[in-house]
Amino acid sequence: MSVRGLIKDSWRERRLFEQRTIVVVILIGLLSSLLLGRLLWLQVLRYDHYTQLSQGNRVRVEPLPAARGIIYDRRGEVLADNQPTYQLELIPEEVPDVETTLAGLVRIGLIEAAAIEDLKKLIRSRRSFESIPVRLRLDDQEIARFAVNRFRFPGVDIQTRLARNYPLGEIGVHALGYVGAISEADLKNIAREAYAGTSTIGKLGIESAYEQDLRGENGRREQLVNARGRPIENLQTLERELIFRPSRRGQDLFLTLDLNVQNTAEKAMANRRGALIALDPNNGDVLALVSHPGFDPNLFARGLSNEEFSALNTDPDRPLFNRALRGTYPPGSTIKPLVALAGLQYGVITPEDVHYCVGYFTLPGSSRRFRDWQRRGHGPVNMRAAISRSCDPYFYSLADRLGVDRLHNFLGQFGLEAPSGIDIGGEKSGILPSREWKRSAFRNPQEQVWFPGETVIFGIGQGYMTSTPLQVAQMTATLAMRGAAWRPRLVAALRDPQTGERQELAPEAMPVVTLKDNNFWKIAIDGMRAVMEGGTASAAARGARYSIAGKSGTAQVVAIAQGEQYDADALDERLRDHAWFVAFAPIEAPRIVVAVLIENGGGGSGVAAPVARQVMDAYLLPQINEANGT
Amino acid sequence: MIRENVESTSTRALTLTARVLSTLRIDGPLVLALSSIALIGLLVLYSASGGNWAVVLRGAVRLLLGGLLMLVLAQIRPSMLRRISPFMYGAGLLLLLIVELVGDVGKGAQRWLDLGFMRFQPSEIMKLAVPMACAWWLHERPVPPSPSSLVILAALIVLPTGLVMIQPDLGTSLLIAMAGLTVVFLAGLSLRLIVSLMVLAVAAAWAGWEFLLREYQRQRVLTFLNPEADPLGSGYHIIQSTIAIGSGGVFGKGYLRGSQSQLEFLPERSTDFVFAVIGEEFGLLGILILLSLYLYVVARSLWLANQMRDTYARLLAGSFAALFFVYVFINAGMVSGLLPVVGVPLPLISYGGTSMVTLLAGFGILMSLYANRKLAA
């Protein structure tokens, strides 16, 4: 090493240090500029972007579900209201792992293992910040069980919600329908925003048809939350306009149903499968709508398990099936008064014409016997007697003379060809056969031809013809009103709970049926009066304090082969005939029309007529008593 | 008359202060800047801790402790400091080895040595001991350092750096290495060598990535490259801190009004990420004021270093000055998303750890070196 290398040159060293200091300062300058550039980028150029992010970070929008409108009967009895309940809800974005969370909830017995797949689908289908109900209606024990395990389930919490409650249970369920958890399918048809915070939706009946009115308008509240999503008090220093929009309660509905009539009808139908419709023929008000058996809509409102649902769904009595609106049955003899009217209208018969009933009818040139329900026949019958004793051959013959086209066209005016248009959905129409119908209904050309024999049984409401109980009731109402018809309706008025303002819905008139001679109505109706006075159903009219016009009917479930006898006792219960009964009262100024169908009930007069009588009593007697001041 | 009196009083007060400071061997401007930063720190800490006075109090106590240590160290003669440098280094190295064998594990890393009455991070000592040892080595030797000298220096730096890195504490090991390297750089390491070393560093970085880094460290680097890829996991810190800083804008949301900080979206808001709280509540303006103070401290320290006569003092003081900036830059850089998150606190402001004490001790040493700059070593 050189001497210079060993002896320190302090001046040179200092110069070197100064130079290096300058380099350091330059480096510091460069790095500081870099940092400054970054800060300018974040705080000046991207300020708006990050401001928005920070807003979203701290404000959570909490939906405020609106209370669903309350449903009353026509007198203000509550049919459906809301009750506070506790439910388990989950916010996906706050749950670390949905899969393990659900599995954990199964382990502590709050949800069923079988429900996991559906829940996962539901969670996927909704937005990650929405609170999704995973279990409705927790009881006290379940709440306690969750409370002790809550720390294991971040993002899951118990919420108080208003749940739909049906205080009367099964009563009127097929008119009311029910609410249930919003399904994936529902989500496709609704505006999600409107349902944020709502976990249920009307599924059937009035609940579904009037969903828009009932559900109200959800509000929302912006809430300050911390990083763990926990709501916090508005720190004084962070004051900001937080949006609070209160919810608007749904409209209350006043139904046309009369709970007294409905209850009576349900009781009268007890233990039977069947349907009953009671209408006010003056405006189409449905006073009672029964389809039996029913089910408890509360099951759906609280969320029923898979087992419960499949039990309902596979019940051979089909409690979920709305027989009143969707059950199609041959109307049987209930249409005989109309067939008689058709005969008068088209001039093929007069009321006085006498038919000699020998217990069967044959078409000219055919040996096939169309039998009467009474084997020995009714002897000589005019129109009135034919109706009151329900003489089949009289109508076989009349139908044959009218022909299928005229029969079809005439009956069509009474609402038998199309759904009645009642204000709840899910209604079906029966079949009012015609040549045209047959052409389109069958593929085989041989079957597309209308045969005269088919017209014959059409005359007594058998064969291809089917109708729903509602259509039969509507037909009877039109007859009772001598041609005037109203669209059946279940909802009479809406009330805004905020203002108390009541909006009456006007009844809707249907096309009026006009006859050549208005006296024709009286002739047919007299026949129906005679049914109750010495006719087939006179037993059911005994002691009535008002006049009744009625008609029984029998709908064949199995065809009886030629030469065989119908023997109810020998037949399996489910193959027995369905029993029909239609009636209206009082005759001169009808206030109620009833149509009863009892599945496999046998003869109409014996089983169905007493039911109709009880229903009419329930509606008319209080009115009569009130008028008499008793 | 009165005015003259007042003036003379204030002049007298000033001279008195100057005399006290020089007796205490303290550099007035530097202490003023450091105190300003520390006071801002306490102010911010109150907000960042969500109004927790206990935290502020503990911060103040630590600050006082550091200040005291600074005062004490400022009294020690530089020759003494120089002589104990190698022993301090040796002791630090020994402690690091002990930590490696029996240290407490905290936050997934062995960093602490439990002395019974206090827990202690030997790596903190090394932040001072490494530059001291390097400066000591170069003091008697010619600068720029000879190749053989460089080998020794490299060993002095690599040994503690490696030991801290395997704890693993990436941030501290980085700072220790930087401390040693700045000494060597200031000693006039040839620029050609620096370039070749950088090439070597890249190679070493690759090797380190492949063989040395733990999974969480790699994750940190990867997250840094694309934080949005894992917004709820490893990217969460950076995303939340950039939101905090960005939403602060030019003027800030106001003291105690930073929603990111107050609502706990910002993690580690009173420790490593306190810079984001400042950015959010005081905006670009507040950050600029703070950075100016920091830069003033750096500039003042560098100026002081240039006044010093002997190699040891110059190199050590210069290294402390540069290192102080490195601290600031790495912390601000990582919190604003410019650098990966390596766990370096913001000098004099971040709460917790012993880094504040270490830093102030360093400034104590610096002041001692300056006060005795004219003494022949």
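Rule-based calculations on the coordinates, nothing more; no lab input. Only a predicted model underlies this, so the values are computations on that prediction, with no experimental measurement involved. Ideal geometry is used to build each Cβ from the backbone, glycine not excepted, and the neighbour counts take in all protein chains shown.
The order of the peptides B:239-247, A:166-174 by mean Cβ neighbours within 10 Å, most packed first, is B:239-247, A:166-174. Mean per-residue shielding of peptide B:188-198 is 1, counting Cβ atoms of other chains within 10 Å of each Cβ.
Which value, in debye to the nearest 20, gives the size of the charge dipole of chain B about its Cα centre, when Lys and Arg are +1 and Asp and Glu are -1 at the Cβ?
1160
Could you name the lysines in cross-link range of A:Lys516, using Cα to Cα under 18 Å and dropping any fewer than eight places away on the same chain? Candidates past the 8-residue exclusion: nothing left. Under 1.5 on a/c is rounded, so check that first for segment A:259-628, then, if it is not, pick prolate when a/b is larger than b/c and oblate when it is not; a ≥ b ≥ c are the square roots of the alpha carbon gyration tensor eigenvalues. In terms of gyration-tensor shape, prolate.
Listed by Cβ neighbour count within 10 Å, with the fewest neighbours leading, B:Val44, B:Val55, A:Val512, A:Val339 appear as A:Val512, B:Val55, A:Val339, B:Val44.
Across chain B, Cα pairs under 8 Å and at least six residues apart give a relative contact order of 25 percent. Relative to the longest principal axis of the Cα atoms of chain A, helix A:140-149 runs at roughly 20 degrees. Kindly provide the chymotrypsin sites (Phe, Trp or Tyr not before Pro) of segment A:438-542 that DSSP labels as loop, not H, G, I, E or B, and whose Cβ sees at most 12 other Cβ atoms within 10 Å. Those satisfying the criteria are A:Phe442. Among the helices of chain B, those built from whole DSSP H runs whose Cα atoms reach 27 Å or more along their own axis and whose mean Kyte-Doolittle hydropathy is at least -0.5 are B:2-23, B:28-48, B:53-75, B:78-102, B:274-307, B:311-335. For chain B, excluding the exposed loop sites themselves (chymotrypsin sites (Phe, Trp or Tyr not before Pro), DSSP loop, at most 16 other Cβ atoms within 10 Å), the longest remaining stretch covers B:118-250. Mean per-residue shielding of peptide B:327-339 is 3, counting Cβ atoms of other chains within 10 Å of each Cβ.
Taking Cα atoms only, the orientation of helix A:10-40 departs from the longest principal axis of chain A by about 20 degrees. Against the compact-protein benchmark of 2.2 N^0.38 Å, the Cα-based radius of gyration of the protein assembly as shown scales to 1.57. Would you work out which of A:Pro281, A:Ile243, A:Phe300 lies farthest towards the positive end of the dipole of segment A:243-371? Charges go on Cβ: Lys and Arg +1, Asp and Glu -1. Highest projection toward the positive end goes to A:Phe300. Normalised by 2.2 N^0.38 Å, where N counts its residues, the alpha-carbon radius of gyration of chain B equals 1.03. In summary, segment B:160-212 shows an alpha-carbon radius of gyration equal to 1.22 times the 2.2 N^0.38 Å reference for compact globular proteins. Partners of A:Lys121 within straight-line reach, counting aspartates and glutamates whose Cα lies under 18 Å from its Cα and excluding those fewer than 8 residues away in the same chain: A:Glu89, A:Glu93, A:Glu94, A:Asp97, A:Glu99, A:Glu112, A:Glu130, A:Glu184, A:Asp186. Relative to one another, the C-alpha centroids of segment A:88-111 and segment A:11-80 are positioned 31 Å apart.
Taking a straight line from the alpha carbon of B:Lys127, these lysines sit under 23 Å away, with near neighbours fewer than eight places off in the same chain left out: B:Lys107.
For segment A:156-213, the percent of C-alpha pairs falling in each 5 Å distance bin, counted from 0 to the bin holding the largest distance, reads 4, 16, 26, 24, 16, 10, 3, 0. Kirkwood hydrodynamic radius of segment A:60-250, from the reciprocal of the average inverse Cα-Cα distance over all distinct pairs: 18.0 Å. Among A:Lys438/A:Lys522; A:Lys522/A:Lys551; A:Lys203/A:Lys428; A:Lys438/A:Lys551; A:Lys336/A:Lys522; A:Lys267/A:Lys428, which pairs are too far apart, with a Cα-Cα distance over 23 Å? Listed pairs above 23 Å: A:Lys438/A:Lys522; A:Lys438/A:Lys551; A:Lys267/A:Lys428.
Relative to the longest principal axis of the Cα atoms of chain A, the long axis of helix A:259-268 makes an angle of roughly 70 degrees.
Neighbours of A:Phe309, meaning other residues whose beta-carbon lies under 13 angstrom from its beta-carbon, give a summed charge of -4 when Lys and Arg score +1 and Asp and Glu score -1. Across every pair of non-identical alpha carbons in segment B:1-99, the mean reciprocal distance, once inverted, gives a Kirkwood radius of 17.3 Å. The mean number of Cβ atoms from other chains found within 10 Å of a Cβ in peptide A:19-25 is 6, as a whole number.
For chain A, the Cβ-based charge dipole about the Cα centre amounts to some 1660 debye (Lys, Arg positive; Asp, Glu negative; other atoms uncharged).
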